[in-house]
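Novice: This is the structure, below, for whatever I ask next.
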Amino acid sequence: SGFRGSTRSPPQKPSSSPGEPPGTPALAPVLQLLRSQLQEKDALIRHLESDWERSRAQREREERLLVTAWYNM
């Protein structure tokens, strides 16, 4: 029928490295490394956001103190 003249090859499975067991994707170590780097960067972002929030709160307290001192003069 219509499939006899087809020159398309069947889809290929991703190849793995020769030392890996069958069925283990070759990209697994790379993906794990990227995931761990992403987690580290997320932790750094959270830390920087909390630092920024503390700095903002401190600046607001200082501004209120300045305004209070100005009105008390």
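The values are calculated or read from the model by the stated rules, or taken from the named source; none is laboratory data. All of these numbers come straight from a predicted model, not from anything done at the bench. Cβ sites come from the backbone with ideal geometry, for glycine too, and all protein chains shown count toward neighbours. Quick note on the areas: whole protein, heavy atoms, side chains included, nothing else; ligands and nucleic acids left out. Shrake-Rupley method; radii C 1.70, N 1.55, O 1.52, S 1.80 Å.
Novice: Between SER36 and GLU49, what is the label-to-label distance in nm when each label sits 7 Å out along the Cα-to-Cβ direction?
Specialist: Here the modelled spin labels are 2.4 nm apart.
Novice: In whole Hz and in residue order, list the ³J(HN,Hα) couplings for segment 46-55 that follow from phi through the Karplus curve 6.51 cos²θ - 1.76 cosθ + 1.60, θ = phi - 60°; x for Gly and Pro.
Specialist: Ordered by residue, 3J(HN,Hα) equals 4, 4, 5, 5, 5, 4, 4, 5, 5, 5 Hz.
Novice: Roughly how many Å² of ARG54 are accessible to a 1.4 Å probe, to the nearest 10?
Specialist: Surface accessible to solvent at ARG54 totals approximately 140 Å².
Novice: Turning to a different aspect of this structure: How large is ³J(HN,Hα) for each residue in segment 30-37, as worked out from phi by the Karplus curve 6.51 cos²θ - 1.76 cosθ + 1.60 (θ = phi - 60°), to whole Hz, x for Gly and Pro?
Specialist: Per residue, the Karplus-derived 3J(HN,Hα) values read 5, 5, 4, 4, 5, 4, 5, 5 Hz.
Novice: Which percent of the accessible heavy-atom area of segment 33-72 goes to carbon and sulfur, probe 1.4 angstrom?
Specialist: Answer for segment 33-72: carbon and sulfur cover 59 percent of the accessible area.
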